[in-house]
Amino acid sequence: MKERPSVSKRNAIVRSIGMSVAARILTNADLEKLVETNDEWITSRTGIKERRISEPDQGASYFATRAAKEALDRAAVSPEKVEAIIVATVTGDQVFPATSCLVQEALGANNAAAFDVGAACAGFIYATEIAASMIRAGSINNAVIVGVDVLTKLVDWTDRSTCILFGDGGGAIYMEAGEEDRGLIATVIKSDGSGARHIHMKVGGSLSPASKIAESGLRPYLFMAGQEVYRFAVKAMTDSCCSVLAKAGMTADEIDLFVPHQANLRIITAASQRLGLPPEKIYVNVQKYGNMSAGSIPVALYEAEQEGRLKRGDVVMTVGFGAGLVWGANIIRW
Ligand code: UT7
């Protein structure tokens with residue numbers, strides 16, 4: 001049997017990354033034809049210029065599978081070698097089985113465990129921590145970690161306060177045990193269920209199954225109290241970044257790139273200023289994709305790498321927040 005590296009040297013290393021977003025682009029000008037809104041309002045309040053909309057036959061597993069396949073191809077790892085597939089999503093193809101099982105089948109990853117993580121826009125942060133902990137503990141040697149969401153499927157296209165915000169897609173990393181001095185350095189993950197009322201999707205759950213929509217009187221769309229979430233978001237981002245820096249024994253100066261959840265440019269700017277991070281260290285692509293929930297951080301990591309802003313050995317800090325309420329941050333040496 002091949003000997004495993006000792007626990008102290010068993011780091012959880014990101015070997016490769018993939019992404020997949022919906023092809024169809026919906027611009028702010030297109031939205032002006034659907035609801036009473038305008039490009040100036042959307043741009044100044046959110047920073048979003050356009051977003052990607054999935055087709056009726058494309059669920060979360062469609063994008064998850066493509067992103068995972070790209071990550072595995074780039075790492076030159078065959079699907080049979082994968083030991084765990086963890087999909088962070090709140091918009092799985094079905095109530096059950098887990099979307100990760102659909103991805104596992106589509107990839108031909110016949111030796112992998114598969115489960116989903118439901119931590120909304122912080123899902124990728126949570127899933128990365130879970131995979132890294134399992135790798136460091138020696139229970140698995142590698143994992144594919146996907147963050148993906150298709151929230152445009154749950155949006156009320158007559159509600160201008162939410163339909164402008166979201167887009168569809170996600171990304172995946174292939175993570176592996178290794179002895180190099182890089183990988184996931186530290187994580188902070190938190191929750192506050194008293195804020196569950198601020199963002200939710202009630203229909204389709206066990207209290208309000210789809211068959212009972214008429215009796216429940218519920219609207220079959222996602223709900224978000226924008227202002228409450230906004231206030232929470234800036235504080236959650238700042239607090240979790242300070243905590244994860246302290247946990248890693250690092251200062252903000254040591255961060256090469258900050259990759260926050262891409263929900264709203266104003267939130268990103270406010271949090272970055274509080275953290276004292278200069279604009280050149282902050283990665284933003286919300287203008288192209290809107291809020292892809294669990295998909296936004298891995299897609300941003302992917303594009304940062306493609307653009308040469310995230311290189312091997314760089315220290316990247318990611319932070320996310322969302323429905324739960326949940327939030328958290330990771331520091332990774334790439
Ligand atoms: O990933 C999950 C986490 N979610 C978030 O991060 C979202 C956090 N929240 C936000 O990003 C912001 O609260 C929004 C972008 C959603 C809204 O921005 P806001 O500055 O908080 O606007 P508001 O809800 O206070 O609305 C201000 C005004 C209202 O009109 P009145 O009442 O002042 O006359 C709205 O009716 O803007 C109006 N409004 C719009 N106007 C044009 C709301 N949506 C639109 C729209 N176009 N699309």
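Only one of the listed residues (VAL259, VAL234, VAL229, VAL244) is near the ligand (Cβ under 9 Å from one of its atoms) and surrounded by 16 or more Cβ atoms within 10 Å (Cβ to Cβ). That residue is VAL229.
Does THR43 meet the test of being assigned to a loop (DSSP other than H, G, I, E, B), out of contact with any His (no Cβ under 7 Å at 6 or more places or on another chain) and surrounded by 14 or more Cβ atoms within 10 Å (Cβ to Cβ)? Considered against the rule, which asks whether it is assigned to a loop (DSSP other than H, G, I, E, B), out of contact with any His (no Cβ under 7 Å at 6 or more places or on another chain) and surrounded by 14 or more Cβ atoms within 10 Å (Cβ to Cβ), THR43 comes out as no.
Residues of the range 39-91 being of a type in the set (S, T, N, Q) and within 16 Å of the ligand (Cβ to nearest atom), which ones? Across the range 39-91, the qualifying residues are THR43, SER44, THR46, THR89, THR91. When CYS241 is tested against the conditions (1) out of contact with any Leu (no Cβ under 8 Å at 6 or more places or on another chain); (2) closer than 28 Å to PHE63 by Cβ, the lone failure is (1). Somewhere in the range 174-193, is a residue within 16 Å of the ligand (Cβ to nearest atom), under 24 Å from GLN104 (Cβ atoms) and either in a strand (DSSP E or B) or modelled with pLDDT of 95 or more (or both)? Within the range 174-193, not a single residue is within 16 Å of the ligand (Cβ to nearest atom), under 24 Å from GLN104 (Cβ atoms) and either in a strand (DSSP E or B) or modelled with pLDDT of 95 or more (or both).
A single member of GLU55, GLU83, GLU70 is acidic (Asp, Glu), surrounded by fewer than 21 Cβ atoms within 10 Å (Cβ to Cβ) and within 20 Å of GLN262 (Cβ to Cβ), and it is GLU70. The set of residues in the range 176-199 that are over 30 Å from ILE140 (Cβ atoms), crowded, with 16+ Cβ neighbours inside 10 Å and of a type outside the set (A, V, I, L, M) comprises GLY195, HIS198. Please verify whether ALA113 is surrounded by 20 or more Cβ atoms within 10 Å (Cβ to Cβ) and not assigned by TED's automatic domain parsing to the domain that holds GLU303, treating the condition exactly as stated. Spelling it out, it is not the case that ALA113 is surrounded by 20 or more Cβ atoms within 10 Å (Cβ to Cβ) and not assigned by TED's automatic domain parsing to the domain that holds GLU303. For the range 187-204, state whether one or more residues are touching an Asp or Glu at 6+ places or on another chain (Cβ under 8 Å) and of a type in the set (Gly, Ala, Ser). Yes, there is a match, as at least one residue in the range 187-204 is touching an Asp or Glu at 6+ places or on another chain (Cβ under 8 Å) and of a type in the set (Gly, Ala, Ser).
When the range 198-221 is limited to residues that are of a type in the set (D, E, K, R) and part of a helix (DSSP H, G or I), the one that is farthest from LEU325 (Cα to Cα) turns out to be GLU215. Restricted to the range 130-175, and to residues that are surrounded by fewer than 21 Cβ atoms within 10 Å (Cβ to Cβ) and of a type in the set (D, E, K, R), which residue is nearest to GLU50 (Cα to Cα)? Among them, the one singled out is ARG160. Quick check on the range 207-219. Is at least one of its residues in contact (Cβ under 8 Å) with a residue 40 or more places away in the chain, surrounded by fewer than 17 Cβ atoms within 10 Å (Cβ to Cβ) and not assigned by TED's automatic domain parsing to the domain that holds VAL150? Taking every residue of the range 207-219 in turn, at least one turns out to be in contact (Cβ under 8 Å) with a residue 40 or more places away in the chain, surrounded by fewer than 17 Cβ atoms within 10 Å (Cβ to Cβ) and not assigned by TED's automatic domain parsing to the domain that holds VAL150.
In the range 15-38, the residue that is farthest from the ligand (Cβ to nearest atom) out of those that are in contact (Cβ under 8 Å) with a residue 24 or more places away in the chain and more than 25 Å from the chain's Cα centre (by Cα) is LEU34.
In the set (1) touching a strand residue (DSSP E or B) at 6+ places or on another chain (Cβ under 8 Å); (2) buried (at least 24 other Cβ atoms within 10 Å of the Cβ); (3) of a type in the set (Val, Ile, Thr), the condition left unmet by VAL286 is number (1).
The values are calculated or read from the model by the stated rules, or taken from the named source; none is laboratory data. Worth saying up front: this structure is predicted, and the values here are computed from it rather than measured. Because the Cβ atoms are built from the backbone with ideal geometry, glycine has one as well, and the counts that use them run over all protein chains shown.
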